Structure formats: structure tokens, C-alpha cells
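What follows is a short report on a single structure.
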Amino acid sequence: MTNRQIVVAELPKGQLTPENFKLTTGDMPKPAEGEVLLRVILMSIDAANRTWMQGATYRDAINAGDAMPTYAICEVVESKSPRLVKGDIVAAEATWSDYVTLPAHKVTKLPSVPQLSHLMSVFGVAGKTAYHGLLSIGQPQPGETVLVSAAAGSVGGFVGQIAKSLGCRVVGIAGGAEKCDWVVDHLGFDACVDYRAEGLFKAIRAACPDGIDVYFDNVGGKILETALNLMNERGRIVCCGAISQYESTAPTGPRNLPGAIVVKRLRMEGFIVMDFVRDDPKAIRGLQSMIDRGQLKVTEDIVDGLENAPQALIGLLNGDNKGKRMVRVSADPS
């Protein structure tokens with residue numbers, strides 16, 4: 001048997017294109033002692049994938065010729081470890097491939113759920129990022145105004161809904177009138193601002209007449225700069241990502257630092273979801289409770305086919321998705 005794999009053909013210089021990737025075919029990998037052979041089912045598509053091509057971050061940098069790394073949900077098809085057996089469903093740091101081998105101690109067995117894809121979205125990195133970042137860092141209080149950028153995305157949509165469940169006024173920022181309408185009508189935000197339209201500052205100020213108490217930032221750049229100018233005293237900025245900067249050859253940051261933070265006594269903190277892994281069970285319980293009460297809608301954007309992973313990532317960076325984007329490589333276990 002053979003194994004398909006997508007490698008980075010050339011590191012991007014600026015905007016990512018399909019030519020930066022190459023689909024290859026090789027021999028089926030074989031697990032060594034202590035390893036497992038995994039069939040990749042679903043691969044997470046995240047803006048962070050793009051940052052890994054720019055150099056070392058919280059993980060090693062990607063080089064030309066490397067298989068594209070990804071967080072994936074997989075099925076064990078062969079095990080040479082007592083930790084796992086054939087048929088187990090696991091989470092793994094895999095690659096854009098049909099099959100991968102990994103040490104058994106580096107994968108995590110997942111619980112059985114009615115819909116497997118939910119382990120990638122609401123109960124996966126997206127849902128836990130929203131829950132931990134908003135509650136542990138943002139610490140919103142009932143009646144406060146919470147502003148969320150990339151509000152139609154995998155994390156931002158959950159952030160806004162969680163904030164609404166806590167009694168906050170929630171304002172989103174998204175690209176295009178259609179997306180903004182969807183954020184309000186489907187996700188239940190109080191308002192949504194189109195960042196592609198003219199007059200961003202005036203639009204956000206009008207949507208947040210009492211100022212901003214918590215800003216959950218997924219984009220950085222101009223939008224972060226604008227939000228800083230509208231923060232209330234003692235406001236909190238949750239720094240989750242900077243997608244507006246990932247494809248720029250000359251990234252820009254807010255020009256109002258540290259002045260705005262000092263004058264308004266703001267707290268600005270970045271985080272990675274793994275920082276809160278000890279609280280994951282609490283997050284899962286909280287998210288499930290909100291789903292049960294009808295306070296949380298789960299939106300998934302699933303692209304079929306390993307070969308379509310490059311375009312799925314390019315589309316995500318261009319804002320094409322609504323909700324959590326992932327690529328289906330193979331069928332769920334029957």
C-alpha cells in the first residue's frame with residue numbers, strides 16, 4: 001500500500017499559494033516497537049499553520065521539504081504498544097498525510113462522542129481556546145461589553161456565544177456584510193462591524209457606545225490598534241492571534257503602545273491553549289452545559305479530501321470560512 005503526503009515545496013514569501021505545497025506518494029509507514037500506525041480522519045486547519053512557516057514559535061520551524069504538520073483526529077490501525085489497541089480514536093500531532101506513525105505516548109486517546117468532528121471543534125482546540133482565553137484572561141462580567149475580532153471564525157464565534165451566556169453585550173468584527181449578518185442572526189451577537197468597510201473606528205465606537213471592557217483579539221494590526229483606543233479603564237485584551245499579519249512581508253503593530261495601556265491601566269495578555277490543559281475537563285463540562293441549554297451553536301466547515309488541504313488553508317487566511325475549518329482525509333469509523 002502507498003501513503004499520500006503533502007509537503008512544503010517552498011517556503012512562502014508573502015501570500016501563501018498552492019505552489020508552496022506538493023502532493024507526494026510513498027510507501028506505507030510501518031510502526032516500530034512502542035509506536036502506532038494511525039489513519040488520519042480529520043485535520044485541523046488553523047491560521048497558526050501559516051505562522052509555523054515563518055520560523056520557530058512555540059514549535060519548531062517548518063522547512064522546505066517537510067511534511068506539513070497538523071493537529072489531527074486519527075484511528076489506530078496497528079499498535080505495537082500496550083497503551084493503545086486497534087480501533088482506538090486518538091488526537092495526534094500528525095502531518096498532512098493519509099497515514100502516520102507516532103510513539104504511542106505522544107498521542108491521546110479520545111472519548112466516544114455522538115459526532116466525531118465535535119472533538120475537533122467545540123471540544124477541541126477551537127472551543128477550548130475560546131473558553132480558556134475568555135474566562136481565564138478576559139474575565140468578563142455581566143453587563144460588560146466584549147468585542148471579538150474574526151467573529152465568524154472557529155474561535156471567535158465560540159467566544160461571542162460564551163460571553164453572551166454570561167450576560168455581556170457582545171460585538172463582533174468580521175469581513176463583509178453577509179458574514180456580519182450571520183454573526184448577529186445565527187450566532188446571536190448584539191452587533192457586528194464589517195472591517196472591510198470605511199470608517200472602522202466610528203463603526204466600532206457606534207457599536208460599543210459604552211466603550212470596550214474585554215477585547216478578544218484574533219487579528220492584530222490595525223484592528224487591535226483601533227480597539228485599544230476604545231477600551232475602558234481597567235479593560236482586558238486577550239491576545240489569541242494576529243491573522244492580519246501572517247502573510248505580510250512587513251508586519252505592523254499598534255502604534256499606541258504602551259501609551260494606551262498605561263493611561264487606561266489595561267491588561268494585555270497572550271496565551272496558547274496548552275497553557276490551560278489542566279483545566280480542559282472543566283472547559284469540556286462548561287461547553288457541553290452551554291450546548292445543552294441552547295446557548296452554544298456549533299458551526300463546522302469541513303473540506304473533503306487531503307489534496308484540498310492547501311486551498312483550505314489559503315481560504316481560511318482569506319476569511320472564506322464560517323466556524324471551525326477542518327479537512328476530512330478519510331471516513332469516520334463505522
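The values are calculated or read from the model by the stated rules, or taken from the named source; none is laboratory data. Fair warning: this is a prediction, and the values are worked out from it, not measured in the lab. Because the Cβ atoms are built from the backbone with ideal geometry, glycine has one as well, and the counts that use them run over all protein chains shown. For the accessible areas, the whole protein counts, side chains as well, though only heavy atoms, and no ligand, DNA or RNA atoms are used. Shrake-Rupley method; radii C 1.70, N 1.55, O 1.52, S 1.80 Å.
What to note about this one:
- Picking from residues in region 300-320 that are part of a helix (DSSP H, G or I) and without any contact (Cβ under 8 Å) to a residue 24 or more places away in the chain, the one that is least open to solvent (accessible area, probe 1.4 Å) is GLY315.
- Verdict on VAL184 being part of a strand (DSSP E or B), touching a Gly at 6+ places or on another chain (Cβ under 8 Å), over 25 Å from GLY259 (Cα atoms) and not basic (Lys, Arg): no
- Listing of helices (runs of 4 or more DSSP H) fully contained in region 217-299 that carry 1 or more residues being more than 30 Å from PHE123 (Cα to Cα) and open to solvent by less than 70 Å² (accessible area, probe 1.4 Å): 221-229, 259-264
- Some residue of region 98-118 being touching a residue at least 60 places away in the same chain (Cβ under 8 Å) and of a type in the set (S, T, N, Q): yes
- Looking at GLU35, GLU78, just one residue is touching a residue at least 24 places away in the same chain (Cβ under 8 Å), in contact with a Lys or Arg (Cβ under 6 Å, 6 or more places away or on another chain), farther than 26 Å from ILE302 by Cα and of a type outside the set (Ser, Thr, Tyr), and that residue is GLU35.
- When region 152-181 is filtered for residues that are part of a loop (DSSP other than H, G, I, E, B), under 16 Å from GLY138 (Cβ atoms) and open to solvent by 10 Å² or more (accessible area, probe 1.4 Å), the ones remaining, listed by number, are LEU166, GLY167.
- Any hit, region 201-216, residues being closer than 18 Å to THR299 by Cβ and touching a residue at least 60 places away in the same chain (Cβ under 8 Å): yes
- Search result, residues across region 268-292 that are without any contact (Cβ under 8 Å) to a residue 60 or more places away in the chain and over 20 Å from LEU110 (Cα atoms): MET268, GLY270, ASP292
- Hey, GLY55 at positive phi and touching a residue at least 24 places away in the same chain (Cβ under 8 Å) or not: no
- Filter result for ALA56 (out of contact with any helix residue (DSSP H, G or I) (no Cβ under 8 Å at 6 or more places or on another chain) and at pLDDT 95 or above): no
- Every condition in (1) outside any loop (DSSP other than H, G, I, E, B); (2) open to solvent by 30 Å² or more (accessible area, probe 1.4 Å) is met by VAL327 except one, and the failing one is (2).
- If you filter region 48-83 down to residues that are of a type in the set (Val, Ile, Thr) and either touching a Phe, Trp or Tyr at 6+ places or on another chain (Cβ under 9 Å) or surrounded by 14 or more Cβ atoms within 10 Å (Cβ to Cβ) (or both), you find that the one that is nearest to LEU119 (Cα to Cα) is ILE73.
- Region 14-57, residues that are among the hydroxyl-bearing types (Ser, Thr, Tyr) and outside any loop (DSSP other than H, G, I, E, B): THR24, THR25, SER44, THR51
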